[in-house]
1. Suppose you put the label 7 Å out from Cα in the Cβ direction; list, shortest first and in nm with one decimal, how far residue B:265 is from each other copy's label.
2. How big, on average over all directions, is the shadow cast by the Cα convex hull of the range A:1-121, in nm²?
3. Tell me the relative contact order for the range B:1-116 as a rounded percent, counting alpha carbon contacts under 8 Å between residues six or more apart.
4. Would you compute, from DSSP H runs of 4+ residues alone, the mean residue ellipticity of the protein assembly as shown at 222 nm, taking -39500 (n - 2.57) per run and dividing by the full residue count, rounded to the nearest 500?
5. Assuming R0 = 41 Å, can you tell me the calculated FRET efficiency for the pair residue B:125 and residue A:52, based on Cβ-Cβ distance, to the nearest 0.05?
6. Quick one: Cα centre-to-centre distance for the range A:17-93 and the range B:240-282, in angstrom?
7. Summarise the partner chain shielding of B:251-262 as one whole number: the mean count of Cβ atoms from other chains within 10 Å of each residue's Cβ.
8. Placing a label point 7 Å from Cα toward Cβ, how far apart in nm is residue B:62 from its equivalents in the other copies, listed shortest first to one decimal?
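Taken together, the values in this text are just the output of simple stated rules run on the coordinates, not laboratory data. Computed from a predicted structure; not experimentally measured. Reconstructed Cβ throughout: ideal geometry from the backbone, glycine too, with neighbour counts over all protein chains shown.
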């Protein structure tokens, strides 16, 4: 397919990493960056993640494809306004929640121009300086409510993810948000809470620093993730996140109870059950 | 220093990985393996982790250094019996808890021959087939109650860890167990509980498998760890583990409360505080 003029709104970790791929996989003839954070915009240009920085209005006018990579609360506010402005352009988002976005434009006359996607990739860092070469490759991308998108828009977005090397799944927005709560959102909450636990209880930080094992690092690294990205995700996926979080607290309470009672058998059962995760992650 | 005849009791992940290093760093003139699990013993020999397999009695008689790498409950039971049998040999352990071991031999006439150590390295796998070449390097090892060990025994053990490339810290056994609860034991409980949460709530396992992101994998990978190793650790470090676990449940409850009330400000504060973990893990 022909290369397209593409604008990326939000040139941080996710938008910046996608911009690198759009260029490297020869999907873009021109890349325009938009960011409310002027420092990020400047940095994205300096790092050559994009060819130029522009205003939202100009970027939309000039682009054939509009990629939304802002925090999900901003997306919900802006997507209807972007659809108001466009004609035949393609709009896609890279957000971690999908239901509120889908609902926000369900009856919009331009709904067909929008493709809802969630590429399952990220790191605990943020900003354009955290953008990574080769990101997204060999990971899954979920395309939501595909039947509501126009055939040509859907086709191009699939072509894009195919070139980037992502395997694609289709799912309804509501199912997506439920699954995302289990396999992504809860991990972030656990990690944030674990960091707060350790920071609260352990005042001799040098000891932590010296002792921190690979195990600790891997469970706590997501705690470096930014509140600007994650607060809106937890808010939009409130019901699912609360369901999983309650279950998680109940599971932790079982460990507490079995240790308090020195109930070896129960503790062995709990851990043996947890070991079944080997079926899921290799 | 001269190479020594060394026996390793417990030739699984930890003992097997150490055996590889003892040979590669030219610390051993002969390596004798002992394991109650005959399959593990056979496998360790087949993999050439050790030069021969022997009984506990024979191995102790023949060795100048005795390394204990069994689960920590077995260690507490066996350490006094091993000290009963030895004369000038050096005994060290690689266990994850230290207070009960230290207490068990505090007044033993051969206490000086024993050096209590905890090399901060491990993986979520177990058994001799999981032993890793180059393990322990550039990690920390904690030596506990060093003043209770004979100078020559301590000197050799430090020499050994030095050759293996571990940086050494000294600490009292009680302080060790407190810190270990924060930087290692709680991470395992969180991970086990997270695995159980996901397995409980998510019945469509194919969806998890497809969607599981790197973030999920990193928070849940420790859930593959073995109950044989971890149940005794949690039991021996019961008070510290329960303290940290209660704090962790309290921290998770704050996330639950802030999401329930849609209290953005509180949630931002919780996450911003968690971000301070950046000071500790780079």
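1. 5.2
2. Numbers: hull surface 27.7 nm².
Average projection, Cα convex hull of the range A:1-121: 6.9 nm².
3. On the way: 198 pairs, mean separation 29.1, N = 116.
Answer for the range B:1-116 is 25 percent.
4. On the way: 26 runs with 290 residues, N = 564.
When only DSSP H runs of four or more count, the value is -15500 deg cm²/dmol.
5. Details: r = 50 Å, r/R0 = 1.22.
Result of the calculation: an efficiency of 0.25.
6. After rounding, the separation between the Cα centres reads 33 Å.
7. Details: counts 12, 12, 4, 3, 11, 8, 0, 3, 10, 4, 0, 3.
Average neighbour count from other chains, rounded to a whole number: 6.
8. 7.8
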